[in-house]
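In what follows, a structure is listed as structure tokens, so that the remarks can point back to it.
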Amino acid sequence: MSARAKREAPGPLEYLRRWPLRAWLAMVAVFLYAPLITLMVFSFNDSRRNIVWQGFTLKYYEKALNNDSLIQAFVNSLTIAALSTAISVVLGAMAAFALWRFRFPGKPAVDGAMALPIVVPEICMGVALLVFFAKVLPWPQGLPWPLDLGAIIISHVSFSFPFVAVVVRARMASFNRELEEAAKDLGASEWRTIRDVVVPHMGPSLVAGALLAFTLSLDDFVITFFTSGPDTVTFPVKVYSMVRFSVTPEVNAASTILIVLTVILTAVALRLQGDPAATHGAHGADKP
Amino acid sequence: MEQSWKQAKAVFAGALGPPLFWLVLFFLVPLAIVWAYSFGQNVGLTEISFTGTFENYARSIEPLYLKIFAKSAWVAAITTFFCIVLGFPVALAITFAPARAKTWLLLLIMLPFWTNLLIRTYALIAVLRTEGYINQSLGWLWNQGSGLATLVGLQPLGAFTPLELLHNNFAVILGLVYVHLPFMVLPLYSALDRLDRSLLEASLDLGAGHLRTLALIVVPLSLPGILSGVLITFIPALGAYLTPDLLGGPDSQMIANVIERQFKRANDWPFGAAMSFMLMYLTFIAIAAQGLLSRKREVRS
């Protein structure tokens with residue numbers, strides 16, 4: 001063993017510095033990323049058959065951007081995500097606040113019911129909403145955009161606001177109730193206390209919850225598939241119907257745009273909240 | 001200490017009312033209707049009468065469908081197994097990485113998780129299909145090999161036959177592992193991160209090797225986290241619709257595909273409703289089993 005290797009010999013628990021683990025990590029990274037990266041690279045490939053590299057081109061981006069139905073689907077997806085996120089954050093924060101602050105009869109039942117949309121298989125929720133919008137509340141056809149997306153937005157709120165509630169409630173665990181009492185002692189009304197003391201404390205978790213709701217909505221295929229009509233196609237549903245026919249470079253181009261968008265959103269999210277370790281572990285979230 | 005709802009009734013009603021209303025109207029009511037349908041019968045094309053029959057459930061446990069249930073559970077179990085095998089070393093590496101590397105590694109695992117499911121599935125199709133990247137690369141290697149063989153005076157190899165990688169059970173399992181790996185890594189990481197490191201160091205100091213420490217100390221101590229990772233992977237894999245639909249062949253149908261067919265094509269809503277409630281019951285059984293297992297461990301320790 002050379003002197004250099006000896007100096008850098010890994011400590012007992014520095015697993016990351018041992019080669020078998022490094023090799024394993026590299027393998028997993030290839031497994032996770034190789035398909036996505038080839039997809040992105042071949043969106044620039046000047047060949048219809050999409051396999052052998054023929055030279056650089058942007059023509060499939062041009063094609064994808066000129067494909068009106070694809071653009072419409074993309075705009076629909078973003079609209080649905082934005083609106084359902086806004087509603088989900090409000091409902092989720094209210095639910096988290098109520099469950100954090102009050103004790104009331106039937107609380108375990110409400111707690112359990114709130115967790116249901118998180119655990120129920122997507123397909124069950126999808127068919128339930130399909131039946132609901134077919135039999136109980138038929139969504140009127142031919143409404144002006146974006147009202148025609150109402151059924152999908154409602155469905156998306158139903159599965160995302162409980163996630164927001166979970167995130168916000170975890171954050172509220174670190175709230176010092178004395179702050180609330182102090183505000184009230186100083187003469188603040190109930191509403192003023194909530195607005196100026198409780199909501200600011202929720203801050204980071206509202207951002208995290210909103211990002212979660214936005215991604216969940218943008219990502220959803222199954223539930224949208226069951227609640228969308230022929231005129232209300234979202235991006236995943238559109239890609240699904242395109243993929244069923246064939247694999248085309250146009251889909252590659254559209255997917256690349258969405259992947260880049262995801263990466264940008266993730267980067268923004270990390271900027272806003274610091275490192276992912278802080279938001280994913282339950283610890284380290286208590287800095288003001 | 002929590003406040004009693006009676007002390008601030010208006011605030012309580014104002015905060016809990018809207019979310020609860022939404023949950024009941026747009027989630028519980030739809031589920032209740034499906035539940036009612038599962039005891040109904042088709043009369044006419046669109047009419048369904050609630051007759052209180054158990055016929056739909058009886059049909060759902062006929063051998064044909066029982067086999068699909070068993071197969072779905074089996075596929076989900078294999079998926080979970082591969083996710084643990086692949087994900088455990090990754091979680092271990094992240095746990096003991098220095099802070100900076102930890103952030104990047106977590107990002108590495110989470111970025112695909114944030115990427116659209118359909119795009120990820122589509123990417124796999126592009127890799128696996130007959131004219132996909134794997135078969136193209138293999139074909140190229142085969143031709144080079146064939147050229148090399150003629151060069152050294154051997155018979156050229158026969159024509160390359162592409163591997164059938166898509167539209168079979170292999171593709172479904174690969175796709176499910178691909179999609180669900182982050183679900184496994186994150187809970188594993190948060191369990192391992194909570195471990196008391198001095199216990200590991202003690203074990204290593206006292207002469208146990210890394211593998212022995214892993215098997216006798218790390219795994220037993222992080223078992224609750226492993227169990228929750230198993231649950232978080234197993235449940236969505238069991239109800240997977242998109243992956244078997246796009247990557248699977250005619251014999252790789254899972255429960256969700258059967259349910260979809262009843263609602264969208266076969267138009268047999270009562271039977272579809274019964275199937276979807278069977279899936280829900282299976283899910284709840286899995287959750288209850290996990291809860292019981294972790295409670296048992298708590299009692300013992």
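Any read-out appearing in this document is the output of simple, stated calculations on the displayed coordinates, not a laboratory observation. From a predicted model like this one, the values you see are computed outputs, not experimental measurements. For neighbour counting, all protein chains shown are included, and Cβ atoms are generated from backbone atoms with ideal geometry for every residue, glycine included.
Give me the net charge for the shell around B:F271: Cβ to Cβ below 14 angstrom, other residues only, Lys and Arg +1, Asp and Glu -1.
Net charge around B:F271: 0.
At q = 0.07, 0.08, 0.09 Å⁻¹, what is the base-10 log of I(q)/I(0) for chain A according to the Debye formula with one equal point scatterer per Cα and no solvent? Please give it to two decimals.
For chain A at q = 0.07, 0.08, 0.09 Å⁻¹, log10 I(q)/I(0) is -0.39, -0.50, -0.62.
Among B:P182, B:P162, B:P236, which one shows the biggest mean-square fluctuation in a GNM of chain B, springs joining Cα atoms closer than 10 Å?
Fluctuation is largest for B:P162.
Of all trypsin sites (Lys or Arg not before Pro) in region B:267-299, which ones are in loop regions per DSSP and have a Cβ with at most 10 other Cβ atoms within 10 Å? Show your work: numbers first, answer last.
Numbers: sites: B:R295, B:K296, B:R297; in loops: none.
Taking region B:267-299 and a limit of 10 other Cβ atoms within 10 Å, no loop trypsin sites (Lys or Arg not before Pro) are found.
How would B:T150, A:T227 line up from fewest to most surrounding beta-carbon atoms within 10 angstrom?
B:T150, A:T227
Could you work out the helix-only [θ] at 222 nm for chain A, with each DSSP H run of four or more residues adding -39,500 (n - 2.57) and the total divided by the number of residues, to the nearest 500 deg cm²/dmol?
Helices in chain A give a 222 nm mean residue ellipticity of -22000 deg cm²/dmol.
Enter the mean number of other protein chain beta carbons within 10 Å of the beta carbon of each residue in A:27-39, as an integer.
6
Given the DSSP H assignment, sum -39500 (n - 2.57) over each helix run of at least 4 residues in chain B and divide by its residue total; what's the result at 222 nm in deg cm²/dmol, nearest 500?
-23000 deg cm²/dmol
Listing B:H180, B:H210 from the residue with the fewest other Cβ atoms within 10 Å to the one with the most, what is the order?
Ranked by crowding around the Cβ, least crowded first: B:H210, B:H180.
Looking at region A:22-114, I'd like the Rg to Rh ratio, where Rg is from alpha-carbon atoms and Rh is Kirkwood's inverse mean 1/r. Intermediate results must be reported in sequence, preceding the final value.
On the way: Rg = 23.3 Å, Rh = 18.4 Å.
Answer for region A:22-114: 1.27.
Over the Cα atoms of chain B, Rg to Rh with Kirkwood Rh, two decimal places? Could the numbers behind the result be given before it?
Working: Rg = 25.4 Å, Rh = 23.5 Å.
Result: Rg/Rh = 1.08.
Listed highest first by mean packing, meaning other Cβ atoms within 10 Å per residue, what order do B:214-226, A:84-96, B:19-31 come in?
Ranking, from highest mean packing down: A:84-96, B:19-31, B:214-226.
Looking at chain A, which longest stretch skips every one of the trypsin sites (Lys or Arg not before Pro) that is in a DSSP loop with at most 15 other Cβ atoms within 10 Å, leaving the sites themselves out? List each step's numbers first, then the result.
Working: sites that count: A:R18, A:R48, A:R49.
Value returned for the longest uninterrupted segment is A:50-288.
When you have a sec, figure out the Kirkwood radius of region A:104-190 from all distinct Cα pair distances and drop it here in Å to one decimal? If you can, show how the numbers build up before the last one.
Working: mean 1/r = 0.0610 Å⁻¹.
Kirkwood hydrodynamic radius for region A:104-190: 16.4 Å.
Quick check: pseudo-label points 7 Å beyond the Cα along Cα→Cβ at A:V75 and B:L211, how many nm apart are they?
6.1 nm
When you take every Cα atom in the protein assembly as shown, what is the radius of gyration, and what is Dmax, the widest Cα pair distance, in Å?
Calculated on Cα positions, Rg and Dmax stand at 26.1, 97 Å.
What is the mean projected area of the alpha carbon convex hull for region B:71-178, to one decimal in square nanometres?
Mean orientational projected area (region B:71-178, Cα hull): 10.2 nm².
Along the charge dipole of chain B, pointing to its positive end and built from +1/-1 on Cβ of Lys, Arg, Asp and Glu, which listed residue (B:L20, B:T46, B:L138) has its Cα farthest out?
Looking along the dipole axis, the top candidate is B:L20.
Too long at a 28 Å Cα-Cα cut-off: which of A:K184/B:K9; A:K135/A:K238; B:K67/B:K264; A:K184/B:K6; A:K63/A:K135?
Cα-Cα > 28 Å for A:K63/A:K135; rest within.
Once you average over the residues of A:249-262, how many Cβ atoms of partner chains fall within 10 Å of each Cβ?
Going residue by residue through A:249-262 and averaging, the value is 3.
Per residue of A:91-104, how many C-beta atoms from partner chains lie within 10 Å of its own C-beta, taken as a mean?
Values: counts 6, 1, 2, 8, 7, 2, 6, 11, 4, 2, 8, 12, 6, 7.
Mean partner-chain Cβ count within 10 Å for A:91-104: 6.
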